[in-house]
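Student: I have a structure here, written as structure tokens, and I will follow up with some questions on it.
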Amino acid sequence: MKAPAGAPLLDPQMAGEEHNRALSFLVEKFDSRKDLTYDEIFEVWLDYANCRMSELGYPKFPEEDIKMYYKSLGQLNNYCNTQFVGDAVISYTKYLDELGVDVLWLTPIQESNSYHGYDVTDYYKIDSRFGTLADYQELLYKAHQKGMKVLMDMVINHTSKSNVLYKKSQRAEKEIVNGKEINYRDMYLWKYQGDKVKVWDEQPAVDVGGGYKKANFITKNVEEVSDWYRDGTSNYYYFGKFGSGMAELNYSSQATRDYMTDMCKYWLSFGLDGFRLDAIKHIYLLSELDPATSLGSDYITYDVGWKTYYNPEMAKEITVPNDYSYDRDLNVLFWKQFAGTIKSAYPNCFLVGENFDGWNERMAPFYESIDSQFDFQTYYALNEMKEDSIGSKIKDSLAIYSSYRKDTLVNGAFTSNHDVSRMMNHAVIHKQDVEKKYSGKDAAHYGDVTQANLQEAINQSKYYSAISLLTPGVSWIYYGDEIGLCGNVNDKVPDSTGKVVDDKGNNVDRWYRQPMRWSNKYGTNGTVNYQFGGLEVLWDSISNTIKTVPEQQADQNSMLNYFKLLTKTKRSDAYPTYGWVENAGGPADGVAQMQLSDGLRKAFVLINNSNSAYNGEYMGYKGVIGKSNGSSVSGSNYTVEAHGFLVLNIA
């Protein structure tokens, strides 16, 4: 993977200058987007990158017309695991260009022992399964050459126990770095047998009004708490909220903070455009804070409940306490300082946070710190609210977020992601039925698409995707959602040996992360020659039958071409992408309506989720911004086809 003759790799010493030129390129091409081409990646999450930090005293990011992001989870979709993901990115340039993608998000590509990469072993190395640092530089160069931006997934809550930082902390090593003594012991969370930690008392949280609940906490010896793990045969315990193999870092240590910001600036020095920040609310969990320390007036977000899973050793399902309560004020302050340090050197760096929370009130304060967040509120509301209410919910959420971010708000609606049910599955979930069938489990993970409900899933997915991609802010497409890829967690599909593995739902993630159907090259049994944890990653029974990318490209009525119509609409210069919802409602059963504005542009959005066409009249509109194939306008009259959309310019 070599640069063209005369096209040098980006010099890290000149990265800031080159980075800004790459950003300004799209500003210069604002009115000629059709001339731009874009690189491609395998997994998708669509969003925008607007790094305005005026509140912290940094210059505003130039107004750019970036509206669509594509996310990469390289090896699940790269059928040749020895090939660097960047080669595949470039090889699908045309596909992403036609889809309308502006930015690539690379899931973890730093060195890791796991298939997913969310347990980093070396923050300064590219995982050899993906390639080399030179390959990474070349990918950035070619992406920027084509007018695209690139984000890296950054996981700083915890590391692998194989990480050299953990090993040094385990041995309590000290070292002089840049004239400062680093005590590696302080970089992780350690306690000695008999030390006290805070734990939920396992009593239901109490409603304290305003949509908030409060839980009670007690103290226990560290050896009695499941999230603290014994270090070998010693009497010391380390904190591992996400499992025994992932040790939590200590951000009360300045050495930890400095290490992470220095490391992030290292990657930015190559011309990287920003980061997707993993699990932003988990920097300061309540159960890791010293119970002897007064939290004063800090606001504690109580996030408690129960988790049911199959225990193979006990050969039965068990239910255990599940506590992710956190100190909101400490978290928000940490990310403010993190963003300020990063943006003082790279003011145009874009930071989007994963705040896995369906409550907009709990997500909103984090907008004081970072540029954007994934909109889990809208994702969950889509199968809980009727069409005439969803627009009002989006309006309320944007207003709440804007109270913390003002005019620089960049919302991040998404079709689905690697941790939740895929769009097609989410669309057919009937919440009450699912919760009854899977008592004690998260209903959002258990909607299966079958031949019997396949058409319903397709119809509902058109509605879901239209809401997600036409909501103000940036839209994220999870790879495969644009072709109707499914994630049937209850499917029993034979692997390549003919064996049917029933993992009792413990590894449902592998169904969300099925490979992209670029072709039928692996036949009809769903085998894709990839495994993790001893389980083969397969296409489920529906994903194995849906049309491939080439087949859908040739079908004007395919899901893929429906997505293209949506992205074309969102990318129109007439669309108020970074605006707000002025009013919303439902003019008829099954029809969602929103009026959007950014003060200059205005759009009238209609999304029909019913089985019948909807007819209406709008006097004085200026033109059609976008529409599905069967929707039409004649004079002041319009028709929105069943399971279609129409967007009018009313500025």
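Student: Mind listing the phi-derived Karplus ³J(HN,Hα) values for the range 356-372, rounded to whole Hz, using 6.51, -1.76 and 1.60 with θ = phi - 60°, and x for any glycine or proline?
Tutor: Listing the rounded values in order: 6, 8, x, 10, 4, 5, 7, 6, 3, x, 5, 5, 5, 10, 10, 6, 8 Hz.
Student: Would you pull out the residues with amide H under 5 Å of Tyr188's amide H, same chain only if 5 or more places away, H placed 1.01 Å from N?
Tutor: Amide H neighbours of Tyr188, under 5 Å, 5+ apart: Asn250.
Student: Can you give the relative contact order of the range 544-600 as a percent, counting alpha carbon pairs under 8 Å and 6+ residues apart?
Tutor: This gives 22 percent for the range 544-600.
Student: State, to one decimal in nm, how far the label point of Tyr404 lies from the label point of Ala554, with both points 7 Å from Cα in the Cβ direction.
Tutor: It works out to 4.9 nm between the two label points.
Student: Okay, next question. Which order do Tyr229, Tyr136 take by accessible area at a 1.4 Å probe, largest first?
Tutor: Result, largest first: Tyr229, Tyr136.
Student: Once the whole set of protein chains is in place, how much accessible area is left on Asp262, using a 1.4 Å probe, in Å² to the nearest 10?
Tutor: Approximately 80 Å² of Asp262 is accessible to the 1.4 Å probe.
Student: Radius of gyration and Dmax for the range 175-288's Cα atoms, expressed in Å?
Tutor: Rg and Dmax of the range 175-288, Cα atoms, are 17.8, 51 Å.
Student: May I pose another question? State the extension gain, in nm to one decimal, for the chain segment bounded by Ser610 and Glu361, taking 0.36 nm per residue of separation less the distance between their alpha-carbons.
Tutor: Here the answer is 86.5 nm.
Student: Pairs to check: Lys94/Lys568; Lys406/Lys622; Lys196/Lys241. Give those whose C-alpha atoms are more than 19 Å from each other in this structure.
Tutor: Lys406/Lys622
Student: Compactness ratio of the range 296-413: Cα Rg over 2.2 N^0.38 Å, N = residue count?
Tutor: Relative to the 2.2 N^0.38 Å estimate, the range 296-413 comes out at 1.30.
Student: Here's another thing I want to ask about it. Starting from the 7 Å offset along Cα-to-Cβ, what nm value, one decimal, do you get for the label separation of Asn235 and Ala345?
Tutor: 4.2
Student: Short version: ³J(HN,Hα) in whole Hz for each residue of the range 471-484, in order, from phi by Karplus 6.51 cos²θ - 1.76 cosθ + 1.60 (θ = phi - 60°), x for Gly and Pro, what are they?
Tutor: With coefficients 6.51, -1.76 and 1.60, one gets 5, x, x, 10, 10, 10, 9, 7, 3, x, 4, 6, 10, x Hz.
Student: For Met187, Met619, Met246, Met314, what's the largest-to-smallest order of accessible area, 1.4 Å probe?
Tutor: So, going from the largest accessible area down, we get Met619, Met314, Met246, Met187.
Student: Just subtract the alpha-carbon distance of Asn183 and Leu600 from 0.36 nm times their residue separation and send over the number in nm, one decimal.
Tutor: Computed gain between Asn183 and Leu600 is 144.7 nm.
Student: Set the Förster distance to 25 Å, then compute FRET efficiency between Trp518 and Asp122 from the Cβ-Cβ distance, nearest 0.05.
Tutor: Calculated transfer efficiency: 0.20.
Student: Can I ask one more? So what is the relative contact order for the range 174-246, in percent, with contacts set as C-alpha pairs under 8 Å and at least six apart?
Tutor: Normalised by residue count, the contact order of the range 174-246 is 27 percent.
Student: Moving on to the next point. How long is the gain from Ser634 to Arg171 if the chain were fully straight, where each residue apart is worth 0.36 nm and the alpha carbon distance is subtracted?
Tutor: Full extension of this stretch gives 159.2 nm more.
The values are calculated or read from the model by the stated rules, or taken from the named source; none is laboratory data. Nothing here was measured: the structure is a model prediction, and the numbers come from that model. As a convention, Cβ positions derive from the backbone with ideal geometry for all residues, glycine included, and neighbour counts pool all protein chains shown. Accessible surface is based on the protein model in full, side chains and every heavy atom, while ligands, DNA and RNA are left aside. Shrake-Rupley method; radii C 1.70, N 1.55, O 1.52, S 1.80 Å.
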